[in-house]
There are 2 protein chains.
Amino acid sequence: MADGNKGVGRQLRSLVTAGGELELSLAEVPIPEPAADEILVRVEATPINPSDLGLLVGPADLTTAKVTGAGDDAVLTAKIPPQLMRMLAGRVDQSLPVGNEGGGVVVDAGADAKGLIGKTVGILGGAMYAQYRVVKAADALVVHDDATPRDAASCFVNPLTALGMVATMRMEGHIALVHTAAASNLGQMLVKICVKDGVELVNIVRSPAQAALLKGIGAKHVVDSSAPGFMDDLIAALSATGATIAFDAIGGGKLAGQILTGMEVAAVQRGGGAFSRYGSTTYKQVYIYGGLDTGPTELNRAFGMSWGLGGWLLTPFIAKIGPAEAGKLRQRVADELKTTFASHYTAEISLAEALQPATLAAINKKSTGEKYLINPSKA
Amino acid sequence: MADGNKGVGRQLRSLVTAGGELELSLAEVPIPEPAADEILVRVEATPINPSDLGLLVGPADLTTAKVTGAGDDAVLTAKIPPQLMRMLAGRVDQSLPVGNEGGGVVVDAGADAKGLIGKTVGILGGAMYAQYRVVKAADALVVHDDATPRDAASCFVNPLTALGMVATMRMEGHIALVHTAAASNLGQMLVKICVKDGVELVNIVRSPAQAALLKGIGAKHVVDSSAPGFMDDLIAALSATGATIAFDAIGGGKLAGQILTGMEVAAVQRGGGAFSRYGSTTYKQVYIYGGLDTGPTELNRAFGMSWGLGGWLLTPFIAKIGPAEAGKLRQRVADELKTTFASHYTAEISLAEALQPATLAAINKKSTGEKYLINPSKA
């Protein structure tokens, strides 16, 4: 190995035992040889996205977390409420690697990909919370020369999700969109995309500070759900933009239903016309793509019969648009990596630090705008 | 007029005043002359479907109902909770006719439709809670000679909705379906259709008596939500049938979410395969087509990310399949009117009786299997 590694690397593993415990540990795994069309990447920056936490922590109760051992040999255990074990049947007693995406440097390559050695890349595909990762060369996003692994760390999930929202809006025939938890890293990217592309966006945030942040980067419609006039403000923004599709990162509580209600009132205001006993014929869609609030979703259904609520995930979206369209989105990410798609991190931690209960609990809070970056090369 | 009518007929009207009151009354309206392609129908039987109640009663509080006047001059008034008035903006101060469908006898016809005079027909299109109704001849369903107006009264909404559910199941790529409030008139039709067509159907009912009723007409999978083992029974039926689409008449409460959860567990049981942090990739759909429980819909979202919940209505479904397909469905209804599509009624009432608070309150309870029939020809 170029960097003198003895042929093994650390990899974070998540295990759910049949006894109802979560176990997080660092496994020592052989560094694989890249095949002809593969590259070996030394991972230097890999974010903990909300979408990683389902596999990493799942429904474990972190207030019960305990650590045995220290450093790279630490093992964190936490209890899983028994009634939630049924949904985990598919993963019991399998030690699973974690981490959707990351950035790093190509340290070795197969015969067909030698030209990539030394390049900084962003990669996607799981098992990124590790010191080394082999992937197909074609799947890596080679970033521009002035970008670091840290810049490349989050170049898939958030950027493609934000671009996917705008593309989904267009594909499904809507003219403007709504986003919740809009002050997140992803939300800031979405604001910049919409400003650049001339798409009307209604941003829903949860504090005046978050509203100010988004206004500062050019957001036009920002509605604060903590303000007393929230519903009226929301309806005014929906009526002004004609947004009839929303992407909701929160999931739990009344927000998705409030958005549908607001869209219905705005549709009546915009459309006028005769009253129908079934509400307006304007189709209104909310996609839940995250679960910042894991509590139940509550819908009062005061929004007629022409509506849909559903899950939205990046992977099926990418499959639906096909490789040519996906390639265009990836190129845009590379070209605007340090502007539109810049990410901000709360702290950079080592693999071992991710297993400390206090750190893990802070990560699992999923506070908007807070994001942790693992540097597996950090001791 | 053939029957000696003086040229006016009674028509039930629903009015929401800007002051926040519902007013139901019987208006005297001129009997219209049919145009060349139209028929004049003397309405003799018109059901009060749950789908009529939105326009008829809306969100009015019937515990506040009062009547002034008597007989055909009675006016019922009831208060509407102020916070619900916003959704009614489109209908304020308009006196609206009510009644989706009905059966009657053709008493006059335009030049191109003279052949229909004397025929019994089922008709759809609103304003059926009236003694006379003019419609396009082409829109009427001429029933077989042995069928009465009472047989024809409910030949559109329930039959086409039940057929539409099976058609939607096929169009959206599912192999079996779930129905709630399954002991209703509509539910019984659906059981008969599925038995006849060899489609697997999971019936969810709310009492042992309803379960027995459905078993009696050939239902194979009946699950009682009032039983302690409901979730296990539901999962077993979903696993046995592979049903991944449901039509829910209830709307409020946890049932829609329980169905999605059950489908997810069944998908994992049926599919096996690797665990995904996002749940199974099996797409699960629940359509809410009624609101027997007007309370909030509560989803715990323990069913992965591949799911949808939405409204389902007959009219857009019929528009989507087009006139040729719709014509086939209508013909099937006419052919099986007294078997598959037979309806049962709790009571037959006059137009004036529909304005009595006790009667209206009983109707508005929407008890499964209870349905009222208005006979506008009844004094």
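Any read-out appearing in this document is the output of simple, stated calculations on the displayed coordinates, not a laboratory observation. Treat the numbers as computed from the prediction; the structure is a model and nothing was measured. Neighbour counts are summed over all protein chains in view; Cβ atoms, including those assigned to glycine, are modelled from backbone coordinates with ideal geometry.
At a glance:
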{"item": "Crossing angle, helix B:157-171 versus chain B [Cα axis fit, 0-90 degrees, rounded to tens]", "result": "30 degrees"}
{"item": "Rough spin-label spacing in nm, given labels placed 7 Å along Cα→Cβ, for residue A:365 and residue A:68", "result": "3.0 nm"}
{"item": "Whole-angstrom gap from region A:339-362 to region A:90-157, using each part's C-alpha centre", "result": "18 Å"}
{"item": "In sequence order, calculated HN-Hα J values of region B:124-130 (Karplus, 6.51, -1.76, 1.60; Hz; x Gly/Pro)", "result": "9, x, x, 6, 7, 7, 7"}
{"item": "Sorted by Cβ density within 10 Å, fewest first, the residues A:293, A:151, B:61", "result": "B:61, A:293, A:151"}
{"item": "Relative compactness, region A:225-266, computed as alpha-carbon Rg over 2.2 N^0.38 Å", "result": "1.08"}
{"item": "Space enclosed by the convex hull of the alpha-carbon atoms of chain A, per residue, Å³", "result": "146 Å³"}
{"item": "Most positive-pole-ward Cα, A:124, A:260, A:140, against dipole of chain A from beta carbon charges", "result": "A:260"}
{"item": "Two-site label geometry, residue A:117 and residue B:8: point separation in nm, points 7 Å out along Cα→Cβ", "result": "9.9 nm"}
{"item": "Given A:192/A:366; A:66/A:371; A:320/A:365; A:119/A:320, the pairs whose alpha carbons are separated by over 26 Å", "result": "A:320/A:365; A:119/A:320"}
{"item": "Shortest-first distances to equivalent copies, position residue A:369, nm, label 7 Å out along Cβ", "result": "5.8"}
{"item": "Karplus 3J(HN,Hα) series, Hz, for region A:35-40 with 6.51 cos²θ - 1.76 cosθ + 1.60 (x for Gly, Pro)", "result": "6, 3, 9, 10, 10, 9"}
{"item": "Prolate/oblate/rounded call for region A:1-114, Cα gyration tensor, a/c under 1.5 rounded", "result": "prolate"}
{"item": "Within-13-Å neighbourhood charge of residue B:194 [Cβ basis; K, R +1; D, E -1]", "result": "+2"}
{"item": "Per-copy distances of the residue B:269 label point, shortest first, in nm (7 angstrom along Cα→Cβ)", "result": "4.8"}
{"item": "Mean separation of Cα contacts under 8 Å (6+ apart) over length of chain B, as relative contact order %", "result": "18 percent"}
{"item": "Relative contact order (%) - criterion: Cα under 8 Å, at least six apart; region: region B:98-196", "result": "26 percent"}
{"item": "At 1.567 mPa s and 4 °C, Stokes diffusion of region A:227-379 via Kirkwood alpha-carbon radius, µm² per second", "result": "69 µm²/s"}
{"item": "Electrostatic dipole magnitude of the protein assembly as shown [Cβ: Lys, Arg +1; Asp, Glu -1; Cα centre; debye, to 20]", "result": "120 debye"}
{"item": "Environment charge at residue A:103 (Cβ cut-off 13 Å; Lys +1, Arg +1, Asp -1, Glu -1)", "result": "+1"}
{"item": "For residue B:27, net neighbour charge (Lys/Arg +1, Asp/Glu -1) across residues whose Cβ lies under 12 Å away", "result": "-2"}
{"item": "Region B:1-117: relative contact order as a whole-number percent, Cα under 8 Å and 6+ apart", "result": "39 percent"}
{"item": "Per-residue [θ]222 nm for chain B (sum of -39500 (n - 2.57) over DSSP H runs n ≥ 4, rounded to 500)", "result": "-8500 deg cm²/dmol"}
{"item": "Across the identical copies, how the residue A:325 labels are spaced - nm, sorted shortest first, 7 Å along Cα→Cβ", "result": "2.3"}
{"item": "Angle between chain B longest axis and helix B:185-197 axis [Cα atoms, degrees, rounded to 10]", "result": "60 degrees"}
{"item": "Bins of 10 Å from zero: percent of alpha-carbon pairs in region A:136-295", "result": "10, 38, 33, 13, 5, 1, 0"}
{"item": "20 Å reach of a label modelled at residue B:75, 7 Å along Cα-to-Cβ, counting backbone N of region B:351-379", "result": "B:351-358, B:360"}
{"item": "Approximate shape of region B:105-210 as ellipsoid semi-axes (Cα gyration tensor, √5λ), whole Å, largest first", "result": "33, 16, 12"}
{"item": "Charge dipole of chain A about the Cα centre (unit charges at C-beta), most positive-ward option of A:204, A:229, A:367", "result": "A:229"}
{"item": "Whole-Hz couplings from phi, Karplus 6.51/-1.76/1.60, listed for region A:304-311; x for Gly and Pro", "result": "x, 10, 9, 7, x, 10, x, x"}
{"item": "Order of A:287, A:129 under a 10 Å beta carbon neighbour criterion, fewest first", "result": "A:287, A:129"}
{"item": "Estimated Rh, region B:292-341: Kirkwood, alpha-carbon pairs, angstrom", "result": "14.5 Å"}
{"item": "Under the Debye formula (equal points on every Cα, no solvent term), log10 I(q)/I(0) of the protein assembly as shown at q = 0.09 Å⁻¹", "result": "-0.90"}
{"item": "Gyration tensor (alpha-carbon) shape descriptor, region A:26-181, a/c threshold 1.5", "result": "oblate"}
{"item": "Only Lys, Arg (+1) and Asp, Glu (-1) charged, at Cβ; region B:134-189 dipole about Cα centre in debye", "result": "160 debye"}
{"item": "Label-point separation, residue A:232 to residue A:254 (7 Å along Cα→Cβ), nm", "result": "1.7 nm"}
{"item": "0 to 90° range, to nearest 10: angle between helix B:230-241 axis and chain B longest Cα axis", "result": "90 degrees"}
